[in-house]
Amino acid sequence: MAYKITDACISCGACQPECPVEAIKEGADKYEIDADLCIECGACEGACPVGAPQAE
């Protein structure tokens with residue numbers, strides 16, 4: 001399953017440049033991951049200071 005960004009997201013943007021397939025975009029309230037593009041590498045999870053990206 002793809003990663004999803006939880007409500008813990010503080011919109012810092014640390015995850016976005018770490019995504020090798022550019023699946024992360026800034027949303028209205030938080031960053032969002034396009035599940036169709038996500039390759040489940042976990043790079044976003046490692047970059048996030050609050051652990052918002054989680055595997056579904």
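Report the semi-axes of the equivalent ellipsoid for the chain in whole Å, largest first, where each axis is √(5λ) for an eigenvalue λ of the Cα gyration tensor.
After diagonalising the Cα gyration tensor, the semi-axes are 14, 11, 11 Å.
Under 4.7 Å Cβ to Cβ, no partner at all: give me those cysteines from the chain, in residue order.
By the Cβ distance rule, which asks for a partner under 4.7 Å, the isolated cysteines are Cys9, Cys12, Cys19, Cys38, Cys41, Cys48.
Given the protein chains as shown and a 1.4 Å probe, how many square angstrom of Glu18 are accessible, to the nearest 10?
Solvent-accessible area, nearest 10 Å²: 100 Å².
Report the local net charge at Ile10: Lys and Arg +1, Asp and Glu -1, summed over other residues whose C-beta lies under 13 Å from its C-beta.
-2
Please state the charge dipole magnitude for the chain, taken about the Cα centre, from unit charges on C-beta atoms (+1 on K and R, -1 on D and E), reported in debye and rounded to the nearest 20.
Computed charge dipole of the chain: roughly 140 debye.
The values are calculated or read from the model by the stated rules, or taken from the named source; none is laboratory data. Keep in mind it's a predicted model, so treat the numbers as computed, not measured. Heads up, the Cβs are rebuilt from the backbone with ideal geometry, glycines too, and the neighbour counts pull from every protein chain shown. All accessible areas refer to the heavy atoms of the entire protein, side chains included, with ligands and DNA or RNA removed. Shrake-Rupley method; radii C 1.70, N 1.55, O 1.52, S 1.80 Å.
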